[in-house]
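The values are calculated or read from the model by the stated rules, or taken from the named source; none is laboratory data. Quick caveat, the model's predicted, so the values are computed rather than measured. No Cβ is skipped: glycine too gets one built from the backbone with ideal geometry, and neighbour counts run over all protein chains shown. Keep in mind that these areas ignore ligands, DNA and RNA; they rest on the heavy atoms of the full protein, side chains included. Shrake-Rupley method; radii C 1.70, N 1.55, O 1.52, S 1.80 Å.
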Amino acid sequence: MTYTSLLLLFIAAIPQSNEQLSLVEMPESVMLSVEGVFEKTSFEALELAQAEPVEKAEDKATEPESSPTESGGVTEETASGEKESDSTSSTEESAEEPEAEEKPEEEKKGFPLLTLIFNLVGGLGLFLFGMKNMSDGMQAVAGNSLRNLIHKVTNNRLVAASVGTIVTMIVQSSSVTTVMVVGFVNSSLMNLTQAIGVIMGANIGTTITGWILVLKIGKYGLPLLGFSAFAYLFSKRDRTRYIAMALMGVGMVFFGLELMKDACEIIEETPQFESWFDRFAADTFSGMLMCMLVGCITTMVVQSSSATLAITIALAVEGSIGYETAAALVLGENVGTTITALLASLTATTNARRAAYFHAIFNLIGVCWISLIFQQYVQFIPWLVGADLTDETGMTSAIATTHSVFNIANTIIFLPFVPMFANLLNRMFPDSPVKETPHLTSLDIRMLETPTIAIEQSRQEIIHMGEGCQKMMGWLKQLLQEQEPDKELVQKFYHREEVLDRIQDEITAFMTDLLAGNVPHEVIAEGRMQLRMADELESVSDYIRSILKFHTKLIKQGHSYDEQHLNRLLKLHDEVSAFVDFIVDSYKAGQQEILSKSQTKSSVLKQNLKALRKEHLEHLTKEKVEPFMNVAYMSTLNSYTRVRDHLINVAEAIAGEK
């Protein structure tokens, strides 16, 4: 009985479930034993129960038993009470479980404004960085083609507009193109009429960004970015690396656009944001003007119409704004993008400011006339492309078409009146009475955004240095033949040498800034070549100056060369001058295979210089020569020798020799 009582005690201690055996279902003798055990609440009572004799258990069995009904009733009440408590606790637990499930969702939805800002800023940053990489890669791949396009700009308005369109498609930014045009006009490398044509073409070229976004490859942006990054990092060919850079930029653009779309989904899920965006509706004239103003200001802040166009498309695709609102924002962005050129022209010449002002006037007048027929315009565009505005691709293509048709139509309207606008700008902004060129060169830091154009601009300055040396050689020959040198010509001669010194300094500073950036290897190689050429040509001008200096001192001492010595010097001068013309003209024509011809000419000059020295020494043994004339003559021969040496160095630089 001892083990039986202990076993029953453990059974009673186990929590009862619906499937377990209840006390009511136990036999009567077992229930009595359990009740006897439970009457002992301490462990000592349990030991006494184990030590009781069998007789006491039998006496206990003869005692009057409690009514089964009563015991059963108590048991039933206890069981029912336990069931009720169990059901109550289970109900409370089930009521608490949804709260526990809802709490993480609330935490997940917390701070929607921060989530919107973080996703939008991150996507926009990735988009802009992708645009820059795409632009740099395409410029590097285009290379000389981009430089040749700029050279083809003429006074023909159609050609200029076509060049502006193609260049902007390559650099992926109308702002970069217009700033570049401002720099060209500021450097007098392009006149106002040419600049106006290029600017109008740039407005058409910038619409290519919208059509790139029409391509429904947003989900492939990240894989494209990854594979292109591997090609860029591990490829050894420069052309392959820059193609990969351009594709990597495309991947960043689409991945950044996807991030901005995800950010715009929060607007639909948050009533506060949705009600705020509902205020921007272009269904009325005042609403249209407000949307245009928002697009203009946003583009001024970001300074990229492509970026604001991407944000507009993201908002429209996610349903945060309607198509009419998106169209009004796009038109306002066309005005806002002019701020970049206006800022770039603040320190430029009057003519360069005219080009920037035309860009702003051109876009502003275009937005004004399109706003008068805005409602008809936004109905015409979806019909033109057959776009379904409820579809993502349809909405994107409609917005891109809105941008393209506006700029094309505006250009067609303005193109016949380009000369009239040029004259109007000349009257509105007259020339300054003082000279406005702040630098001696046409080098402009605005060109650093387009390295292939910048290196071409510095190349033109190297050519100017060579032409300066040619002029100095011509003036020197004239001064050598005069017994009393023309003072104005002498002053002009020395001023030209000082100008060449300063030009070299400006080229060096410009090239240092250019090569400090991420530029193609071809640009780096040509930049180093130009730095060497600038140094060599400046040295050439120094030695040409020294020849005149010796001649001037000789005249001041009351001496002059005899006819024999003067004729020999003039003949030598013509040979050296021809060598200078050959080097400069070859560089102008882009001929790199000039080293062999240059070495031949240099060898001939070297032999002639040796012959002149030998003849002069023989003359000293036969006749008496004034000491100062002897020094002047020998120093002049040495200066011509140094000119020859530096010219051969220039030829080596052109040929790519180190």
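A few remarks follow.
- Residue check, L489 in contact with a Phe, Trp or Tyr (Cβ under 9 Å, 6 or more places away or on another chain) and open to solvent by less than 40 Å² (accessible area, probe 1.4 Å): yes
- Checking each residue in segment 239-261 for being under 18 Å from the mean Cα position of the chain (by Cα) and of a type in the set (V, I, T) picks out I243, V250, V253.
- Residue in segment 337-346 that is over 17 Å from M300 (Cβ atoms) and open to solvent by less than 10 Å² (accessible area, probe 1.4 Å) present: no
- Of the residues examined, A314 is one that is open to solvent by less than 20 Å² (accessible area, probe 1.4 Å), assigned to a helix (DSSP H, G or I) and out of contact with any Gly (no Cβ under 7 Å at 6 or more places or on another chain).
- Count of residues meeting criterion [open to solvent by 30 Å² or more (accessible area, probe 1.4 Å), more than 25 Å from T193 (Cβ to Cβ) and either modelled with pLDDT of 85 or more or in contact with a Pro (Cβ under 6 Å, 6 or more places away or on another chain) (or both)] in segment 392-424: 1
- Subset of segment 299-309 (residues that are part of a helix (DSSP H, G or I) and either within 15 Å of the chain's Cα centre (by Cα) or among the hydroxyl-bearing types (S, T, Y) (or both)): T299, V302, S305, S306, A307, T308
- Test result for G468, over 26 Å from D562 (Cα atoms), small (G, A, S) and surrounded by 14 or more Cβ atoms within 10 Å (Cβ to Cβ): yes
- Residue list for segment 492-531, restricted to those being open to solvent by 50 Å² or more (accessible area, probe 1.4 Å) and within 30 Å of Q478 (Cα to Cα): K492, Y494, H495, R496, E498, R502, D505
- Considering only residues in segment 476-486 that are surrounded by 13 or more Cβ atoms within 10 Å (Cβ to Cβ) and not in a helix (DSSP H, G or I), the one that is modelled with the lowest pLDDT turns out to be P485.
- Number of the exception - K236 against (1) part of a helix (DSSP H, G or I); (2) over 21 Å from the mean Cα position of the chain (by Cα); (3) over 16 Å from V153 (Cα atoms): (1)
- Just so you know, in segment 356-391 the residues that are open to solvent by less than 70 Å² (accessible area, probe 1.4 Å) and touching a Ser or Thr at 6+ places or on another chain (Cβ under 7 Å) include one that is nearest to L257 (Cα to Cα), and it is A387.
- Test: residue in segment 182-196 that is of a type outside the set (D, E), within 23 Å of M252 (Cα to Cα) and open to solvent by 30 Å² or more (accessible area, probe 1.4 Å): no
- Test: residue in segment 576-587 that is within 24 Å of E484 (Cβ to Cβ) and open to solvent by 30 Å² or more (accessible area, probe 1.4 Å): no
- Where K556 falls short, out of the listed (1) touching a residue at least 60 places away in the same chain (Cβ under 8 Å); (2) open to solvent by 30 Å² or more (accessible area, probe 1.4 Å): (1)
- As a summary of the residue check, Y561 satisfies the conditions (1) in a helix (DSSP H, G or I); (2) surrounded by 12 or more Cβ atoms within 10 Å (Cβ to Cβ); (3) not hydrophobic (A, V, I, L, M, F, W, C) except for the one numbered (1).
- The listed residue being in a helix (DSSP H, G or I), in contact (Cβ under 8 Å) with a residue 40 or more places away in the chain and open to solvent by 50 Å² or more (accessible area, probe 1.4 Å), out of E615, E657: E615
- Residue match in segment 535-548 (condition: part of a loop (DSSP other than H, G, I, E, B) and over 20 Å from S458 (Cα atoms)): no
- Within segment 245-263, none of the residues are modelled with pLDDT under 80 and outside any helix (DSSP H, G or I).
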